[in-house]
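Every read-out reported here was derived from the displayed coordinates using simple, explicitly stated rules and does not represent laboratory data. No experiment lies behind these values; they were computed from the predicted model shown. Glycine gets a Cβ as well: all are built from the backbone with ideal geometry, and neighbour counts include every protein chain shown.
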Amino acid sequence: MFYDLAAPSWGAPELDAIKRVIDSGFLTMSEYVASFEIAFADYLGLDHAVMVNSGSSANLLAVASLFFRQDRPLQRGDAVIVPAISWATTYHPLQQYGLKMSVVDVDLETLNVDVRQLEAALGPKTRMIVAVSILGNPAALDTMRDFAAKHDLYFMEDNCESLDAELNGQKAGTFGLVNTSSFFFSHHISTIEGGMVATNDTEACHLVRSLRAHGWTRDLPPDSPVFVKRGDDFYEAYRFILPGYNVRPLELSGAIGLQQLKKLPAMTAARRKNLALFQELLGDDERFIIQRENGKSSAFSFPIVLNPAHNPDREKVFRALEKADIGYRIITGGNILRHDVRRFYDYEAVDDLANANTAHDLGFFVGNHPQDLSQQLNRLAEVLDATC
Ligand SMILES: Cc1ncc(COP(=O)(O)O)c(C=O)c1O
């Protein structure tokens, strides 16, 4: 394809890493995963990181861990503030754990939650905010964190789309009590499938370690705040303390992640260079609303909303993009409440979600890759100019 949604970022280091793992004969989660966890926590400047088999699993365990805390655990029926635009598996763990969602509209320019509506979303049962930074652009994470602290709410970051983004010099994915990342193919780093929960909270880390593997104690140190081992190896090998899962990553993914993480700064720099050109080409054109950066975006991809004031015809744009061999997708699924899955949710929309609906009906994104895309972006601008 001339301009695809994503591109591979592997080379010899990843292929060598795969070979080393295969040759070692240890294919299930082991030392490489442990080393990647340490390197990832270090990169974020957090104390702990726990790798899992996807960003969706990271969200599941992050939410689940809050139900098993010793103090003030979340409970079924509690309410959670969420943005109207995010990936489906931001919401599904909330449904699965019986939480009620207070769905807040987004700002049309940043595509992140409109923080002016947080107050209206707050109710007597509200216990948590899930913050999401869409497609590389940091949400108002500082404002949300302060709001959560003021109202004694848990603050979780689903940072699966915005690895390496920054707000006021702080990395996205470090603002929450628990923070998640995805390493799926198209993301900032790719381990085939993969995800991470990162935190400074030792209890949260150990709960996630247990939940990741059957709810057992095997991956906990002897002095864990979650469970004190009794030194009886026979029972400790199969001791279950939580209703957990098996969402462990493959050892291969850990080894690949170590190599990808080394490349991350250069890959983000390349993505940001493309972003600068995208902004130059379309930023001043009032036919298009492009994402206004809040802090430093890591430019996952390039969302465009056709300006409703210009009577746009999105279908015509899609046909032109197809003809030009340019891939496109709806922005992170659009308004989640426009999907049939909502019938399983316990939710309340804080208002009419007008901006999320506009992004749903008039928006789309094109890809960004960690390579030079000047040719592709110039062609995109030509196609849009001729069609809109
Ligand atoms: C905001 C968000 N959360 C969670 C996920 C799930 O990640 P994964 O695809 O690794 O399960 C994604 C996937 O792109 C996402 O965009």
Region 227-304 versus region 125-188: alpha-carbon centroid distance in Å: 12
With each label point set 7 Å from Cα along the Cα-Cβ vector, what nm distance links Leu27 and Arg218? 1.7
Going by how many other Cβ atoms sit within 10 Å of their own, how do Thr28, Thr126 line up, fewest first? Thr28, Thr126
Under 10 Å, Cα contacts only: if you run a Gaussian network model on the chain, which one of Ala198, Ala359, Ala213 comes out with the highest mean-square fluctuation? Ala213
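How would the chain be classified by its alpha-carbon gyration tensor: rounded, prolate or oblate, with rounded meaning a/c under 1.5 and the a/b versus b/c comparison settling the rest? Don't skip to the answer; put the middle values down first.
On the way: a/c = 2.22, a/b = 1.34, b/c = 1.65.
Taking the square roots of the gyration eigenvalues as a ≥ b ≥ c, the chain is oblate.
What pairs in Lys296/Lys323; Lys273/Lys323; Lys100/Lys262; Lys262/Lys316; Lys150/Lys171; Lys262/Lys296 have C-alpha atoms more than 31 Å from each other? Display every interim value, and only then the final one.
Working: Lys296/Lys323 33 Å; Lys273/Lys323 26 Å; Lys100/Lys262 40 Å; Lys262/Lys316 42 Å; Lys150/Lys171 22 Å; Lys262/Lys296 20 Å.
Going by Cα-Cα distance, Lys296/Lys323; Lys100/Lys262; Lys262/Lys316 fall outside the 31 Å limit.
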Run the paramagnetic zone check for Lys229: 7 angstrom along Cα to Cβ, then residues of region 13-52 with backbone nitrogen under 19 Å. 29-35, 38, 49-51
What does the net charge come to around Ser182 if you take all other residues with beta carbon closer than 12 Å to its beta carbon, with K and R at +1 and D and E at -1? -3
Using 7 Å Cα-to-Cβ label points, what is the Gln95/Lys125 separation (nm, one decimal)? 1.7
At a 10 Å Cβ-Cβ cut-off, how would you order Asp219, Asp232, Asp351, fewest neighbours first? Asp232, Asp351, Asp219
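Among DSSP beta bridges whose residues both lie in the chain, state the antiparallel percentage, nearest 5.
Working: 27 of 47 bridges.
Here the antiparallel bridges make up roughly 55 percent for the chain.
State, as an integer percentage, the relative contact order of the chain based on alpha-carbon contacts under 8 Å between residues 6 or more apart.
Numbers: 846 pairs, mean separation 93.6, N = 388.
Relative contact order, the chain: 24 percent.
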Neighbour counts of other C-beta atoms within 10 Å: give me Glu251, Glu166 arranged from fewest to most. Glu166, Glu251
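Rounding to the nearest 20 debye, state how big the charge dipole of the chain is about its Cα centre with +1 on each Lys and Arg Cβ and -1 on each Asp and Glu Cβ. Before the final figure, lay out each step's value.
Values: 36 positive and 50 negative charges, 135 e Å.
Its charge dipole is roughly 640 debye.
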Label-point separation (nm) for Asp47 and Glu286, each offset 7 Å from Cα along Cα-to-Cβ? 5.3
On full extension of the chain, what length is gained from Ala309 through Lys323, given 0.36 nm per residue of separation minus the C-alpha to C-alpha distance? 2.5 nm
